[in-house]
Amino acid sequence: MAAFSTSSSRPYHIIIFGASGFTGQFVVEEVARTASEGPKGNLKWAVAGRNRTKLEKVVEQAAGALSKPELKSEVDILIADVSDPDSLAAMCKQAVIVLSCVGPYRFFGEPVVKSCVESGTHCIDISGEPQFLESMQLNYNDQAAEKGVYIVGSCGFDSIPADMGVIYTRDQFKAVESFLTASSGPEVQYGAYAGVGGISNVFKLIFAGLMFFFLVKFNFGRNLLKKFPEFFSFGFFSKAGPTRKQMEGSSFSFIFLGEGYTEGTDPSEGKPNGKIRTLVKGPEAGYVATPIAMVQAALTMLNEPDSLPKTGGVYTPGATFAKTTLINRLNKHGIQFSVL
């Protein structure tokens, strides 16, 4: 099994790679905010990326945002580039866990995964890209298992609330839990739905979908979409990220509807006769909840390695953290799980 503790040759518990990106800077702040939750109350961490000047600015911004001027002298800066395998290897070999913030992952994610597996380094990302996630599982699961390395994708808003919400719902439904334990795996059927906020938004989505379908067929259309994302998405997407004020006023919520069997009922003799409703809610999804989820996932791995799956591999968040205290950790940091 790959190490979960630091050493002279692997001095950092966490390295944030892609720290100068828009999401990366918020991950940096979250790591700095929760460093006391690291192993033995002391998290050793560094930031990494292509440009030292930009990385220095990110650390400086975090120091100011958190009123921790000491960060400017305490946080090490490493230079690594996805186009330079040697620099990636040098970075990965110094970390227990790499937090990969280098999206779009279909373009930049695989070199990081490959280097982590080869270096015996665990890797967590916040990808929501199914093709990337599936290809990583297909191409690196066996190697990761051999090395005892955990590669865990989708550890942001995609898909910690959904994965852990299903597990929380299952665990609250005691009859379902005992039935699932007796079977070959956690056989939970899951369907996802999204609310769009009214009939006017339905027409907007239909119009935007038709326009998108037409424009992506031509080079000029794709260029227009990339150049004016805010116009073509009715303000939902833009090149500039949201302001901190906008983030403070945003939130998310998931409602889970579960069906199962009450105590004493034979599941083989009829339809489920019990229901449960649970709620997962939290702050702004992209740049507040996502860093919280990513960092708490990493801290959980560092503090609870014995609760992870028995072998390394490429895993989903639910498969990785089902037997850990991640849900309790998230509850303490503003991503809340409750029964309705």
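Within the chain, which complete DSSP H helices have Cα atoms spanning at least 18 Å along the helix axis and a mean Kyte-Doolittle hydropathy of -0.5 or higher? In the chain, the long hydrophobic H runs are 52-65, 105-119, 199-215, 290-303. Heavy-atom accessible area with a 1.4 Å probe sorts K93, K204, largest first, into K93, K204. In segment 199-239, Rg over Rh equals 0.99, where Rg is the alpha-carbon radius of gyration and Rh the Kirkwood radius from pairwise Cα distances.
Label the chain by shape, choosing from rounded, prolate and oblate, from the square roots a ≥ b ≥ c of the eigenvalues of the Cα gyration tensor; if a/c is under 1.5 it is rounded, and otherwise prolate applies when a/b is larger than b/c, oblate when it is not. Judged from the Cα gyration tensor, the chain comes out oblate (a/c at least 1.5, b/c at or above a/b).
For the chain, C92, C101, C155 have no disulfide-compatible partner, since no other Cys C-beta lies under 4.7 Å from theirs.
Its Cα gyration tensor gives segment 99-150 an equivalent ellipsoid. The semi-axes, each the square root of 5 times an eigenvalue, are 17, 12, 8 Å from largest down.
Suppose R0 equals 25 Å; then what is the FRET efficiency for T325 and A3 from their Cβ-Cβ distance, rounded to the nearest 0.05?
Numbers: r = 21 Å, r/R0 = 0.85.
The calculated FRET efficiency here is 0.75.
Dipole magnitude for segment 242-340: about 360 debye, using +1 per Lys or Arg Cβ and -1 per Asp or Glu Cβ, origin at the Cα centre.
Just the number please: accessible area per residue for the chain, 1.4 Å probe, all protein chains included, in Å².
Averaged over the residues of the chain, the accessible area is 53 Å².
Here segment 199-239 exposes an accessible surface that is 74 percent carbon and sulfur, computed with a 1.4 Å probe and the other protein chains kept in place. Given a 1.4 Å probe and the protein chains as shown, L133 ends up with an accessible area of around 50 Å². Computed over the chain with a Gaussian network model linking Cα atoms closer than 10 Å, the most mobile of V149, V75, V295 is V75. For the charge dipole of the chain, defined by +1 on Lys and Arg C-beta atoms and -1 on Asp and Glu C-beta atoms about the Cα centroid, which residue among Y12, F218, Q25 has the Cα displaced farthest towards the positive pole? Towards the positive end, the residue furthest out is F218. Taking chymotrypsin sites (Phe, Trp or Tyr not before Pro) across segment 218-293, the ones in a DSSP loop with at most 12 further Cβ atoms lying within 10 angstrom of their Cβ are F218, F234, F236, F237. With the helix formula -39500 (n - 2.57) applied to DSSP H stretches of n ≥ 4, the chain reaches a computed 222 nm mean residue ellipticity of -13500 deg cm²/dmol.
Packing, as the average of other Cβ atoms within 10 Å across residues, places the peptides 326-332, 98-104, 210-216 in the order 98-104, 326-332, 210-216, highest first. Length, then width, then depth: along the principal axes, the Cα atoms of segment 232-274 run 56, 25, 12 Å. Take every DSSP beta bridge whose two residues both sit in the chain; close to 40 percent of them are antiparallel. Comparing segment 189-340 with the 2.2 N^0.38 Å rule of thumb, its C-alpha radius of gyration ratio is 1.41 (two decimals). For the peptides 161-169, 81-89, the ranking by packing is 161-169, 81-89, with the highest mean count of neighbouring Cβ atoms within 10 Å listed first. Find the percent of Cα-Cα distances in segment 1-142 that exceed 21 Å, and round it to a whole number. So the portion of pairs separated by more than 21 Å is 39 percent.
The values are calculated or read from the model by the stated rules, or taken from the named source; none is laboratory data. Keep in mind that what you see is a predicted model, and the values were worked out from it rather than measured. Cβ sites come from the backbone with ideal geometry, for glycine too, and all protein chains shown count toward neighbours. With ligands, DNA and RNA removed, areas are computed over all heavy atoms of the protein, side chains included. Shrake-Rupley method; radii C 1.70, N 1.55, O 1.52, S 1.80 Å.
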